[in-house]
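The values are calculated or read from the model by the stated rules, or taken from the named source; none is laboratory data. Being a predicted model, the structure only gives us computed values, none of them experimental. Methodologically, a virtual Cβ is constructed for each residue, glycine included, from the backbone with ideal geometry; neighbour enumeration extends over all protein chains shown. Note: accessible area is taken over every heavy atom of the protein model, side chains too, but ligands, DNA and RNA are not part of it. Shrake-Rupley method; radii C 1.70, N 1.55, O 1.52, S 1.80 Å.
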Amino acid sequence: MLKKILILVWLLALASFLYSEPVQVEKSGQSYTLEAQRIEGILHISVSDLAKIFGSEIYFNSLTKKAVVQIDNHSVKLSLFSPYMEVDQTVYNLTYPVQLVQGDFYVPIVTLVPILELICTENIFWDEGQLTLKFERKELNLLGYQASEKSNGILLEIFLAENLRYEIYTSENRWLNLNFFSAKVNQVDFPVKKNSPVKEIKFYPLEISTQLSFRLNKTFVNYRDEVLTDPLRLQISISTSNHNSNSNGNPKNSPKNFDNLVDVIVIDAGHGGQDYGAIGPTGLAEKDVVLDIALRLEKLLVKEGFKVILTRTDDTFIPLADRTQIANSNGADLFISIHANSSKKRSISGSETYFLAQAKNDEARAVAAWENSSLRFEKENPEELSDLDFILLDLVQNQFLKESSDLAYMIQENMGRKLPIQDRGVDQAGFFVLNQAYMPSVLVETAFISNRGEEKLLKTSSFKQKIAEAILNSTLNFKEKYEALAK
Ligand SMILES: [Zn+2]
């Protein structure tokens, strides 16, 4: 009963902050007015009106308090009182939570419009002063594609209206992923055709780029890309056989690691150069300890027959983005970043391993924030990643989430067995260094350099050797498990 009264009081209080205001909508030559609600100063549009604008249906689930509305072939999912909105499988942040007014969901217009723009076939202009919402045909710059099968491969052509910056990378199960920056594209221009070597096409509207993923009918070993004119197009020659590959030595075009073997490992010693990382009570620098461990691990892995690439072999500064670039261009199977942890509380101790995902707690967030702060040593700081940003930036990482978390647990288990320090377990957080890695990747916080006892341990060869051995054993465990699964 008390609950009911409280809800009533709350609804009355909320009502006093509501002001409805008319918003003019112009779309497809039609013009009409809808009632928006100003809630705590922010203008909101109802989901019913949103559906009306796009001529689509809404599905409300009163149990889960979610609404789903179709917008230009995308399914948009809203949760009551949550600022997160899901488009297909991607999460976006509306900043302001979805509100309930007279039985309808209300969404903040100012933050909704830029998200709609990503998925909508029209440009949207929101004028907060005039209270007008205008829809105009998009000037597209990705016009369509053509795919044809050749004797030794597949020719894929993407037709362009202007030169666009792009990136290409491949992922398992015959996916070729093209990332176009500032792309304006209409999904209907990229249909899957019958008897085409392209079996499936997926669209991922990211924050600054649009990813088009093509699943091909054949396993490929190599590709070459170039932009041609008349008509302007990106031509990708995809070689589906091992013979006569046209590699020209450029890492971007060199054969990628498409086998199912776990045999190329990138070891990333954290920090370096002017970036010391954390410093222990007696002055031991994280950058030196982690390089020592990385070099030990390299020796062990090479002895087991792995191909090993280190992001740094001496005391130099390597920007975070370059570290994963090294891993991606070498077709690495695993990316292992080695660090030493630090806390203002000197008593805190132990080892823990992270994989990239949204931070689940403040502590994990703090560790990520600290490690990401290496960015401050870089000349052009990539913008700081918010908790949710990395989801937008990197959908690809998701496919390695399971493997990454598996590897993280294996490392913790082996370290727990070998090291005489506390096992703090596995956690997840948004690390920049792991963000762009297109492979399973983990960040190992070997021990607390800020803890007097553990700083002392980190100075000893035997302790560092044990850490290297624990990571080696985990790599072997991982290799065994995933190579067996691939068979
Ligand atoms: Zn570190």
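Looking at the stretch 123-140, is at least one residue closer than 30 Å to residue 199 by Cα, assigned to a strand (DSSP E or B) and of a type outside the set (Val, Ile, Thr)?
yes
If you take just the strands (runs of 3 or more DSSP E) that sit entirely in the stretch 321-431, which of them hold at least 3 residues that are modelled with pLDDT under 80, open to solvent by less than 10 Å² (accessible area, probe 1.4 Å) and out of contact with any Pro (no Cβ under 8 Å at 6 or more places or on another chain)? Can you show your working first?
Numbers: elements: 334-341, 351-356, 423-429.
Qualifying strands (runs of 3 or more DSSP E): none found.
Could you run through the stretch 264-310 and say how many residues are of a type in the set (D, E, K, R) and either outside the structural domain of residue 353 (by TED's automatic domain parsing) or under 18 Å from residue 371 (Cβ atoms) (or both)?
Number satisfying all stated conditions: 5.
Conditions (1) modelled with pLDDT under 50; (2) within 16 Å of the ligand (Cβ to nearest atom); (3) under 23 Å from the mean Cα position of the chain (by Cα); (4) part of a loop (DSSP other than H, G, I, E, B), marked per residue:
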site: 230; (1), (2), (3), (4): no, no, no, yes
site: 235; (1), (2), (3), (4): no, no, no, no
site: 238; (1), (2), (3), (4): no, no, no, no
site: 247; (1), (2), (3), (4): yes, no, no, yes
site: 254; (1), (2), (3), (4): yes, no, no, yes
site: 258; (1), (2), (3), (4): yes, no, yes, yes
site: 262; (1), (2), (3), (4): no, no, yes, yes
site: 266; (1), (2), (3), (4): no, no, yes, no
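Pick out the one residue from 62, 75, 56 that is in the same structural domain as residue 124 (by TED's automatic domain parsing) and open to solvent by 60 Å² or more (accessible area, probe 1.4 Å). Spell out the reasoning first.
Details: 75 fails: open to solvent by 60 Å² or more (accessible area, probe 1.4 Å); 56 fails: open to solvent by 60 Å² or more (accessible area, probe 1.4 Å).
On inspection, the qualifying residue turns out to be 62.
Of the residues in the stretch 1-27, how many are among the small types (Gly, Ala, Ser) and modelled with pLDDT of 85 or more? Outline the logic, then answer.
Step one: filter the stretch 1-27 for residues among the small types (Gly, Ala, Ser), giving 13, 15-16, 20.
Among the residues that remain, those that are also modelled with pLDDT of 85 or more are: 20.
Looking only at that region, the number is 1.
Could you list all residues from the stretch 307-344 that are without any contact (Cβ under 8 Å) to a residue 60 or more places away in the chain and of a type outside the set (Ser, Thr, Tyr)? Explain how you work it out, then say what you get.
Residues of the stretch 307-344 that are without any contact (Cβ under 8 Å) to a residue 60 or more places away in the chain, as a first pass: 307-316, 318-319, 322.
Those that are without any contact (Cβ under 8 Å) to a residue 60 or more places away in the chain and of a type outside the set (Ser, Thr, Tyr): 307, 308, 309, 310, 312, 314, 315, 318, 319, 322.
Looking for whichever is acidic (Asp, Glu) and closer than 24 Å to residue 73 by Cα here; the options are 167, 162, 128, 139. Which one fits? Spell out the reasoning first.
Values: 167 fails: closer than 24 Å to residue 73 by Cα; 162 fails: closer than 24 Å to residue 73 by Cα; 128 fails: closer than 24 Å to residue 73 by Cα.
Checking each option against the conditions leaves just 139.
Would you mind stating whether residue 316 is over 18 Å from residue 477 (Cα atoms), surrounded by fewer than 23 Cβ atoms within 10 Å (Cβ to Cβ) and within 16 Å of the ligand (Cβ to nearest atom)? So that I can check it myself, show each step before the final result.
Values: over 18 Å from residue 477 (Cα atoms): yes; surrounded by fewer than 23 Cβ atoms within 10 Å (Cβ to Cβ): yes; within 16 Å of the ligand (Cβ to nearest atom): yes.
So residue 316 passes the test.
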